Structures are given as structure tokens and as C-alpha cells.
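Chemist: Got a structure for you, questions after.
Values in this text are rule-based calculations from the coordinates and carry no lab data. It should be emphasised that the depicted structure is a prediction, and the values quoted were computed from it without experimental measurement. In this analysis, Cβ positions are derived from the backbone assuming ideal geometry, glycine residues included, and neighbour counts consider all displayed protein chains.
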Amino acid sequence: MIINILLITILIIFFIALYYLYYLHLQIQGDHPVLKKFRKELLKICNKELIYIKIYDDAEELNKETLKETPNIETGKLAVGKYISLPKNYNTTLNKIMNHLPRIELTKNYDTFTLAHELGHHFSIKKNGDRSEETADNYIMELAKKCLEPHELLRISIALKVNSGKSIKINIFKAVWKNLNETILFKFKLNKNENI
């Protein structure tokens, strides 16, 4: 009898945790606190790496050279971010300053993962001379692990997998426990402040 009650309790806790994780993943949007933190940390890395960032109003403005060459291209196929750097033989300090390079170009309402992808280009070119899209996507996960705590990675794990093509390997039980504790504490603080 006690074993049955224990098993039922464990199953209930397991399904509550699964529901909680599912609910967390549905709440990921551009203004999510974890994405805001990730974006802030990525911008710090850009500053540290001396990468200029140029913002355009829309994808058409960002891709005006491409549109001149191929005017029939569909709007949905236009780039929303670009990484521009100099070839190694022209990579002098004077050229970098004069041309504002390296540079990441983004549209005004850019996605955090687009910034991470373009920053991935920077590191893959800097370390390996690799300009491939796949390598830049791989760096999204590396940057996320560098910028975020495990419980924060868990909150955006589905979005990370979609954008980088890689799964997160973290201790899921520790991350779920920390998420539950933070959520409960945050709600307690909100309720406490409302009573003042």
C-alpha cells in the first residue's frame, strides 16, 4: 500500500515537472528575461571583440545590394543578419577602423538568435577560417553555455535546439529544481510587495 502511494506520488511529481517544462518552453518570446540576458551578454562579447553593430530599418534596406543583383528574390528569403570582415591579408588596424570592421548588420527588430548566429560567424572565421552557416549555428549553443546558467539554458532549450541544431546536455533535475525554486520565490516576492 505504501509503495503504491509512493509510486503515485512520484508519477504525479514527474508529470507536474513535465507540464512545467512544457509551459516554460511555450513562453519563450523576444522579451523573455532569459533572452534579454542572453542578448545583453552577446552585446558585451561584441564590445569585447571590437565588433561594430549596424542596425537597418528592415530586410530590404539590409539587402539592397542583393536586391540590385537579383530583384525578383522573395522577401522571406532575404537575410536578417550579416557578418562582414576583411580577408586576412587586408586585416590591418587602419582598414578595420576605416571600414568599421568586423561588423554585424541586423534589422531593427532582430532576434537574439540572429545576433548569436552572426557572432558565431565571427568566432568560426577567427578560430578556423570557416565561413559556413553550420559552424555559425554550432556557436549559438557555445555562446549560450558561456552566457547563461544551466537553469536558464533549460528555459530556452527548445529555441536553442531549433536555432543551433544541438541538444543541451545539462543535469535536468538540478535545473528543474532551481527553476521551481526561483519561480516560487519570485511569486512570493510579488505577493509580498502587493500587500505593502
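Chemist: From the phi of every residue in segment 140-145, what ³J(HN,Hα) in whole Hz does the Karplus formula 6.51 cos²θ - 1.76 cosθ + 1.60 yield, where θ is phi - 60° and glycine or proline is x?
Modeler: My calculation for segment 140-145 gives 4, 5, 4, 5, 4, 5 Hz in order.
Chemist: Here is a follow-up. By how many nm would the segment from Asn89 to Lys44 lengthen if fully extended, with 0.36 nm per residue of separation less the alpha-carbon distance?
Modeler: Numbers: separation 45, 0.36 × 45 = 16.20 nm, distance 2.76 nm.
In short, 13.4 nm is gained.
Chemist: Amide H neighbours of Ile53 under 5 Å, at least 5 residues apart or on other chains, H built in the peptide plane: list them.
Modeler: Sorted by chain and number, the residues that satisfy this are Ile104.
Chemist: Separate question: Tabulate in residue order the Karplus-calculated ³J(HN,Hα) for segment 106-117, using 6.51 cos²θ - 1.76 cosθ + 1.60 with θ = phi - 60°, rounded to whole Hz; enter x for Gly and Pro.
Modeler: Using θ = phi - 60°, the values come out as 9, 7, 3, 9, 5, 8, 4, 6, 5, 4, 5, 5 Hz.
Chemist: Name the residues whose placed amide hydrogens come within less than 5 Å of the amide hydrogen of Thr107, ignoring near sequence neighbours (fewer than 5 apart) on the same chain.
Modeler: Tyr56
Chemist: Can you run phi through the Karplus equation (6.51, -1.76, 1.60; θ = phi - 60°) for segment 81-97 and list ³J(HN,Hα) in whole Hz, with x for Gly and Pro?
Modeler: With coefficients 6.51, -1.76 and 1.60, one gets x, 9, 10, 10, 9, 8, x, 3, 6, 10, 7, 9, 4, 4, 4, 4, 5 Hz.
Chemist: Further question on the same structure: Beyond a 25 Å Cα-Cα separation, which of these cross-linked pairs lie in this structure: Lys40/Lys77; Lys37/Lys64; Lys82/Lys127?
Modeler: Numbers: Lys40/Lys77 27 Å; Lys37/Lys64 32 Å; Lys82/Lys127 18 Å.
As for pairs spanning more than 25 Å Cα to Cα, those are Lys40/Lys77; Lys37/Lys64.
Chemist: Would you kindly state how much longer the chain becomes between Ile8 and Lys108 on full extension, computed as 0.36 nm times their sequence separation minus their alpha carbon distance, in nm to one decimal?
Modeler: Values: separation 100, 0.36 × 100 = 36.00 nm, distance 5.07 nm.
So the chain would gain 30.9 nm between Ile8 and Lys108.
Chemist: Rank by packing, highest mean first: peptides 61-68, 8-15, 37-44, with packing defined as the count of other Cβ atoms within 10 Å averaged across residues. Intermediate values should be presented prior to the final figure.
Modeler: Values: 61-68: 14.5, 8-15: 10.0, 37-44: 16.8.
Final packing ranking: 37-44, 61-68, 8-15.
Chemist: Another question, then. Per 0.36 nm of contour for each residue apart, how much would the distance between Ala17 and Ile53 grow if the chain were fully extended, relative to their Cα-Cα spacing?
Modeler: Details: separation 36, 0.36 × 36 = 12.96 nm, distance 4.01 nm.
Gain on extension, Ala17 to Ile53, equals 9.0 nm.
Chemist: Given points 7 Å out from each Cα along the Cα-Cβ axis, report the Glu65 to Glu142 separation in nanometres with one decimal.
Modeler: 2.6 nm
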